[in-house]
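**Q** This is the structure, below, for whatever I ask next.
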Amino acid sequence: AFDMMEAVADKTNIDISSLAIRGHDKTLDPLLNEIYEEMPILGKQNFSVGRVNYKSEHGGAIEFFNKNEPDNPTGGPYVELYSDAPTKKGELQDAIKGDMLHHLSYVDPYWKSLRNEYMADRPDNVKAMDRRAYEGSGDKRSYEKWEDVSRADAHIRAGILGYENWKNVPRTERQEEILKTMNLYLRTGKRD
């Protein structure tokens, strides 16, 4: 649906093995600046990105913390990279961008309204797939909370960043239009 972002083609390795800064790591600023140039809406949010030398207890290689979470070391939107985070520049940038999108749902009513419209338009078979994913996840939150905090953003990340493992998840024409609107908004700030 979308042209893959230039960063995906960038196979430069980023050495993050020596980083172990819980909180903002300024050595990652050049990487963040590239993300902000590509998606200025994200640049308005003042993200911090840090790295730890262990794997996440939640199973991912990267985790977003909103400013109100007790484990957040920064007091602002924070993305933490774990020891198994991607090292190829394009993959790492996409992972960071994907987790940054979580924050927009907290602070940007326009973004959240588009995301909610996208989720409401899911075909029944995708809603059933999401329900099965929740039931198999072992997540302790209610389905509604899980869908709002995790699954909706997963759908949007996959649609905007083109995740291979989501390529066979069907979308309606309206959902494709919403993704185009979201992508334009991220890159230009323009609202449809």
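The values are calculated or read from the model by the stated rules, or taken from the named source; none is laboratory data. Please read all numbers here as calculations on a predicted model, not as lab measurements. Cβ atoms come from the backbone with ideal geometry, glycine included; neighbour counts cover every protein chain shown. Surface areas here come from the heavy atoms of the whole protein model, side chains and all, with no ligands, DNA or RNA. Shrake-Rupley method; radii C 1.70, N 1.55, O 1.52, S 1.80 Å.
**Q** Just one of (1) in a helix (DSSP H, G or I); (2) surrounded by fewer than 12 Cβ atoms within 10 Å (Cβ to Cβ); (3) not acidic (Asp, Glu) trips up Asn168, so point out which.
**A** (1)
**Q** Oh, and also: Please work out which one of (1) surrounded by 15 or more Cβ atoms within 10 Å (Cβ to Cβ); (2) assigned to a helix (DSSP H, G or I) is the condition Arg174 fails and give its number.
**A** (1)
**Q** Quick check on the stretch 62-96: of everything there that is of a type in the set (A, V, I, L, M) and within 16 Å of Leu42 (Cβ to Cβ), which residue is surrounded by the most Cβ atoms within 10 Å (Cβ to Cβ)?
**A** Here is the first cut: in the stretch 62-96, the ones of a type in the set (A, V, I, L, M) are 62, 79, 81, 85, 92, 95-96.
Adding the requirement that they be within 16 Å of Leu42 (Cβ to Cβ) leaves 62, 79, 92, 95-96.
Values: Ile62: 19, Val79: 26, Leu92: 24, Ala95: 20, Ile96: 23.
Checking each candidate, the answer is Val79.
**Q** I've got another one for you. So, of the residues in the stretch 119-164 that are open to solvent by less than 50 Å² (accessible area, probe 1.4 Å) and hydroxyl-bearing (Ser, Thr, Tyr), which turns out to be nearest to Glu177 (Cα to Cα)?
**A** Ser150
**Q** When you look at Lys190, is it assigned to a helix (DSSP H, G or I) and among the basic types (Lys, Arg), yes or no? Steps first, answer last, please.
**A** Working: assigned to a helix (DSSP H, G or I): no; among the basic types (Lys, Arg): yes.
No.
**Q** Given the structure, is Gln45 in contact with a Pro (Cβ under 8 Å, 6 or more places away or on another chain) and touching a residue at least 24 places away in the same chain (Cβ under 8 Å)?
**A** yes
**Q** I'd like to know if the stretch 164-174 contains one or more residues that are in contact with a helix residue (DSSP H, G or I) (Cβ under 8 Å, 6 or more places away or on another chain) and either of a type in the set (Gly, Ala, Ser) or within 15 Å of Trp111 (Cβ to Cβ) (or both).
**A** There is no residue in the stretch 164-174 that is in contact with a helix residue (DSSP H, G or I) (Cβ under 8 Å, 6 or more places away or on another chain) and either of a type in the set (Gly, Ala, Ser) or within 15 Å of Trp111 (Cβ to Cβ) (or both).
**Q** Just need a number here: residues in the stretch 71-89 that are free of Cβ contacts under 8 Å to residues at least 40 places away in the same chain and under 16 Å from Ser56 (Cα atoms).
**A** Initially, the stretch 71-89 is screened for residues free of Cβ contacts under 8 Å to residues at least 40 places away in the same chain, giving 71-72, 75-77, 79, 82-84, 86.
The next check asks that each one be under 16 Å from Ser56 (Cα atoms); those that pass are 71-72, 79, 82-84, 86.
Of the residues in that region, 7 qualify.
**Q** Among the numbered conditions (1) in a helix (DSSP H, G or I); (2) open to solvent by less than 30 Å² (accessible area, probe 1.4 Å); (3) touching a residue at least 24 places away in the same chain (Cβ under 8 Å), tell me where Asn116 comes up short.
**A** (2)
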